[in-house]
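Colleague: Sending over a structure as structure tokens; questions will come in a sec.
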Amino acid sequence: MQPGYGEQTVELLKTLIHTVNNPTPGATPEFPRWLGPSEAIIQVQSILYLSLGAALFSAFLAVLGKQWLNRYAVGSVADRSHHRQRKLDGMAVWYFSVFMQSLPFMLQVALLLLGCALSLHLWELQPTVSRVVIGVTSLGVVLYLFIVVAGTLYTSCPYQTPASQIIRHVSRLSKQLRPLINNTYSFGDAWDWGDR
């Protein structure tokens with residue numbers, strides 16, 4: 001995000017050599033001005049910082065979750081037995097399991113963003129190496145999609161992910177809502193709008 005000092009040094013050396021070889025005043029070449037980083041560098045840096053932020057944020061939330069679980073186990077055995085059900089109900093009401101399951105998803109997104117940023121950056125430097133990174137990243141995405149589909153279709157599949165559980169839940173919800181939506185539309189069709 002800053003000018004390359006190596007490039008500036010080369011330009012200064014060219015100016016110095018030109019000045020030494022051409023002692024006439026006013027004939028020095030103009031020193032090129034740095035116009036900022038290229039658009040590709042800005043995109044790569046943005047994706048890398050987004051990836052880093054997602055990874056650090058998920059680690060921060062994981063530590064918070066561990067602290068919350070440790071507080072769950074604080075107190076004597078008699079106190080814990082009295083408050084266990086209240087705390088367990090609170091965990092269900094506040095969707096604690098959903099919160100904890102979102103952490104691996106954030107890490108997966110951070111890893112995908114890192115692969116995309118590396119691919120973009122390496123494409124500018126060396127397309128052949130970038131193709132290798134794109135291939136590995138694509139293989140990871142295809143494997144993850146296969147796991148999500150398998151976990152969605154087969155509840156006995158050991159590779160359950162939050163995404164497969166969400167898709168299964170949305171599918172069940174849409175099946176439950178479909179008769180309600182159909183009844184609503186059939187009621188609207190039966191209404192005689194011409195009498196109004």
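Colleague: Name the residue that is nearest to ALA117 (Cα to Cα), counting only residues in region 16-47 that are of a type in the set (Ser, Thr, Tyr) and at pLDDT below 75. Don't jump to the end; show me each part of the working.
Modeller: Going residue by residue through region 16-47, those that are of a type in the set (Ser, Thr, Tyr) are 19, 24, 28, 38, 46.
Applying the additional criterion that residues be at pLDDT below 75 yields 19, 24, 28.
On the way: THR19: 42, THR24: 49, THR28: 41 Å.
So, considering only residues that are of a type in the set (Ser, Thr, Tyr) and at pLDDT below 75, the one nearest to ALA117 (Cα to Cα) is THR28.
Colleague: Which of the following residues is in contact with a Lys or Arg (Cβ under 6 Å, 6 or more places away or on another chain) and not aromatic (Phe, Trp, Tyr): THR137, THR152?
Modeller: Numbers: THR137 fails: in contact with a Lys or Arg (Cβ under 6 Å, 6 or more places away or on another chain).
Checking each option against the conditions leaves just THR152.
Colleague: Six or more apart or on different chains, Cβ under 6 Å: which pairs go from a residue in region 110-128 that's farther than 14 Å from ALA54 by Cα to one that's at pLDDT 90 or above and buried (at least 18 other Cβ atoms within 10 Å of the Cβ)? Could you list them?
Modeller: SER119/ILE134
Colleague: Among (1) over 21 Å from GLN160 (Cα atoms); (2) surrounded by 13 or more Cβ atoms within 10 Å (Cβ to Cβ), there is one condition LEU107 misses while meeting the rest; what is its number?
Modeller: (1)
Colleague: Any idea which of LEU122, LEU145 is modelled with pLDDT of 85 or more and either under 20 Å from ILE41 (Cα atoms) or not hydrophobic (A, V, I, L, M, F, W, C) (or both)? Explain how you work it out, then say what you get.
Modeller: Values: LEU145 fails: either under 20 Å from ILE41 (Cα atoms) or not hydrophobic (A, V, I, L, M, F, W, C) (or both).
None of the others qualify; the one that does is LEU122.
Colleague: With respect to the numbered conditions (1) under 30 Å from VAL63 (Cα atoms); (2) over 17 Å from the mean Cα position of the chain (by Cα), which one is the sole condition not fulfilled by LEU153?
Modeller: Here LEU153 meets the rest and fails (1).
Colleague: Name the residues in region 133-183 that are among the small types (Gly, Ala, Ser) and in a helix (DSSP H, G or I), would you? Full working, then the answer.
Modeller: The initial filter retains those residues of region 133-183 that are among the small types (Gly, Ala, Ser), namely 135, 138, 140, 150-151, 156, 163-164, 171, 174.
Residues satisfying the conditions are GLY135, SER138, GLY140, ALA150, GLY151, ALA163, SER164, SER171, SER174.
The values are calculated or read from the model by the stated rules, or taken from the named source; none is laboratory data. All values reported here derive from a predicted model rather than from experimental measurement. Please note: Cβ atoms are built from the backbone with ideal geometry, for glycine as well, and neighbour counts cover all protein chains shown.
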